[in-house]
């Protein structure tokens, strides 16, 4: 089986600064892949290249064998790539349900229609998606009133509206309470496994990464320096060196040892 | 050759005042994010006060002292306005500050006439600079050379002020990040006031320096403010150097445009601005604006379609209005027809502004194009009213297709300015293409068909068209297209990430708004029986903006209420008082301060302040959707 996502030699530089230099990796359907690395390693740049927000200087991004490099975000989305943002981006003048309905209308190519009440369109589908992320009780609330954790869940519902094959999540749990983090990632993992969606996410919280990712990739100064199971990556001396100052991996290992 | 040089010198001299005023506007915008519409009024006040002072005190000291004192006096007035008015509305949506300063402009126009009379005034010559210098055998006023030298001098002084003083460093810091400067313990209030005072000083100084060159008149403000907007936009908002370069560019274009292309002299400047904005969307020296403030601002309550009760209410109002011709007099009915036309005009602009998040400063262009479309059909093809009402608005549509394509590439203030530029280009065409449009004399004899020629008949016609069009616009708001448009407005990032082509959606919205404005314009032509260039002038665009903001920018149909209130008030004031601008301006300022969410927004707030019925917000929403479905 060929990979769902095949990235080869991705390069991006800004005015002489090499943000990403030759990143290659692959991702299978149903696999949960974490991309970690210190601040400024190029994680967000990678992400934004994958969904077409930034055009790479070189490299190839193949989704199920088809080249998607150079396509605008909206076209990448049509090919089946959903994404959530580090700083949530939702439609603040609409209700929670309407946010999902817009995504559904767009998916079904109904947004050019001038007839009918959009608030009544795809009601069942919208409710199902909201129920999936546990937001059905808040469906009628103005999106602007939501707590941050709920916004993150709403983003997930929106990202799932086009029945994606690939889900990109940029720091999905940033700003959430620890308990919420675990819940959201469990939910994501369950959905991904059930529907065979490939998930790529970045994350600063190593607990989240090591608990939920099938595979972990480490990015440092624009280059992939390690890839493997959470266990392998954690024990990689190279990775430890990168993270030494931050103490995150040390803490994680320490916890693991004391648990044994 | 010599002639060209002299012309170039004259252009440079004009550039000096333009630069002074534009740099003031740019500095104010850079720090406070306010487009100060009253800047032209301060320029005019500077000229008038300087006239009085230099008239009273003769001699070099009297003249130069008078110019300086006049600028300081006006700067103090500006500071007062900032403290009393602007400080109250910094948290309102950006356009409200524009509306408030527009209100002030109206007031100043009447006050100036009240104090100095409506006659143009001739100021004294500058002592020591009364003569002329011979350049290659042609005479150039020596005062022009003084102005030419003054431009770079002021630029240098401003540079020193911003780079070599503590105050200047704070101001530059505030330009980049206001919150950060505030958190460093700088008193923002006084920083803002002082910046505003400096900006107003520069405007007044620019005006005062004009008195030896031109007559002082009460129409100075509007003529300069448009040019200043152009300069600031070409140069880049917030950039003083940009204002300097653009002032020279614009002045030279004016000086030579009139020689080379007298037919389209007024258009050249706006064409250059349009080209600059398309190639460099933030002006020559501007930087991209930071993330715009949340689309419309204060607190967005999700829109809902009307309940059956509300629908019945609206239907009842329409029926009552439709019965008016049975008892109202002819005058009332023709006023009513005019108000109806403006209701549609305002509703079309509201659709673009509120739903699309695109604040057009030149919406009159499409209103006027619709009016001219209808008038030209009648004049050249002898079309009957029915045909002209249908085909006339097509001209508005065509204009919106063409201009909209360029405009939607920009956003925020730059979008507003490009729409203004296109409106001015359209106005110039109507004004200067005399063979076709009749120029200033307009097109006369555009009368309705006989069945609609009575005030009653026309009122019914207007009511029918306006009701249908406004209902159509409202349906569009709640249609899938309207949702997509709002999505693009709320978050460009998210809408793009769910497959929405924001630019093309906005372009369609622009065309829709332009077409509906065109319908209003065509009706207007038959209401008045004539069309003049003023129909697509700036005051008409501003009227539209005022109506939308007055009604409430965050509401679905506030524009309808805003248009009725504003137009009725304006017509009533015009008939009651000589000082209608003063009163109208005052009313606008008061309304902005008292109802920053507009009339309808205020009423909605009142309604929502009442305790809610038991049951979660979620179930309430579900009930609403169910109701709507039941109503179908």
Please find, in a Gaussian network model of chain A (springs between Cα atoms separated by less than 10 Å), the residue of A:164, A:38, A:237 whose mean-square fluctuation is greatest. A:237
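What shape does region B:296-370 have by the C-alpha gyration tensor, where a ≥ b ≥ c are the square roots of the eigenvalues, rounded means a/c under 1.5, and otherwise prolate means a/b greater than b/c and oblate the rest?
On the way: a/c = 3.30, a/b = 1.25, b/c = 2.65.
Taking the square roots of the gyration eigenvalues as a ≥ b ≥ c, region B:296-370 is oblate.
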Normalised by the empirical 2.2 N^0.38 Å for globular proteins, what value does the Cα Rg of region B:173-276 take? 1.35
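In peptide B:470-482, what is the residue-averaged number of other protein chain Cβ atoms found within 10 Å of each Cβ? Could you put the intermediate results ahead of the total?
Details: counts 0, 0, 1, 0, 0, 4, 2, 1, 5, 11, 18, 9, 5.
The mean count of partner-chain Cβ atoms within 10 Å per residue comes to 4.
Considering only DSSP beta bridges where both residues belong to chain A, give the percentage that are antiparallel (nearest 5). Present the calculation step by step, with values, prior to reporting the outcome.
On the way: 21 of 38 bridges.
Of the beta bridges lying entirely in chain A, close to 55 percent run antiparallel.
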Using helices alone, what [θ] at 222 nm do you get for chain B, with -39,500 (n - 2.57) per DSSP H run of 4 or more residues, divided over all residues and rounded to the nearest 500? -24500 deg cm²/dmol
Semi-axes a, b, c in Å (a largest) for region B:323-537, each sqrt of 5 times a Cα gyration tensor eigenvalue, come to 31, 21, 13
Percent of Cα-Cα pairs more than 56 Å apart in the protein assembly as shown, please. 19 percent
Using a Förster distance of 41 Å, the FRET efficiency for residue B:169-residue B:568 (Cβ separation, nearest 0.05): 0.20
Helix A:248-259 vs. chain A, principal-axis angle (Cα, 0 to 90°, nearest 10): 80 degrees
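Got the relative contact order for region B:492-569 handy, in percent, Cα pairs under 8 Å and 6 or more residues apart?
Working: 34 pairs, mean separation 10.8, N = 78.
Result for region B:492-569 is 14 percent.
Please state the shape class of region B:2-279: rounded when a/c is under 1.5, otherwise prolate if a/b exceeds b/c and oblate if not, all from the C-alpha gyration tensor.
prolate
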Determine, from the Cβ-Cβ distance of residue B:309 and residue B:118 and an R0 of 51 Å, the FRET efficiency 1/(1 + (r/R0)^6), rounded to the nearest 0.05. 0.45
What is region B:2-279's relative contact order, in percent, from Cα pairs under 8 angstrom and six or more apart in sequence? 41 percent
Calculated FRET value between residue A:240 and residue A:18, using beta carbons and R₀ = 25 Å, to 0.05: 0.55
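Based on the Kirkwood radius over alpha-carbon pairs, what value in µm²/s does the Stokes-Einstein equation return for the translational diffusion coefficient of chain A at 37 °C and 0.692 mPa s?
Reported coefficient: 172 µm²/s.
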What is the spin-label model distance, in nm, from residue B:5 to residue B:330 if the labels are put 7 Å beyond Cα along the C-beta direction? 6.6 nm
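Rounded to whole Å and ordered largest first, report the semi-axes of the equivalent ellipsoid of chain B derived from its Cα gyration tensor (root of 5λ).
Values: eigenvalues 358, 180, 108 Å².
In descending order, the three semi-axes are 42, 30, 23 Å.
Can you tell me, using C-alpha contacts under 8 Å and at least 6 residues apart, the relative contact order of chain B as a whole percent? Don't skip to the end; give the middle numbers.
On the way: 1036 pairs, mean separation 122.7, N = 632.
Here the relative contact order equals 19 percent.
Work out the mean other chain Cβ neighbour count within 10 Å for the residues of A:81-94 and drop it here as an integer.
On the way: counts 1, 2, 3, 2, 4, 0, 1, 2, 9, 4, 13, 10, 16, 7.
Across the residues of A:81-94, the mean count of other-chain Cβ atoms within 10 Å is 5.
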Could you sort B:515-528, B:27-40, B:171-184 so that the peptide with the highest average Cβ count within 10 Å comes first and the rest follow in order? B:515-528, B:27-40, B:171-184
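None of the figures in this text is laboratory data; all of them are computed from the coordinates on show. Bear in mind the structure is a predicted one, so any value in this text is a computation, not a measurement. Heads up, the Cβs are rebuilt from the backbone with ideal geometry, glycines too, and the neighbour counts pull from every protein chain shown.
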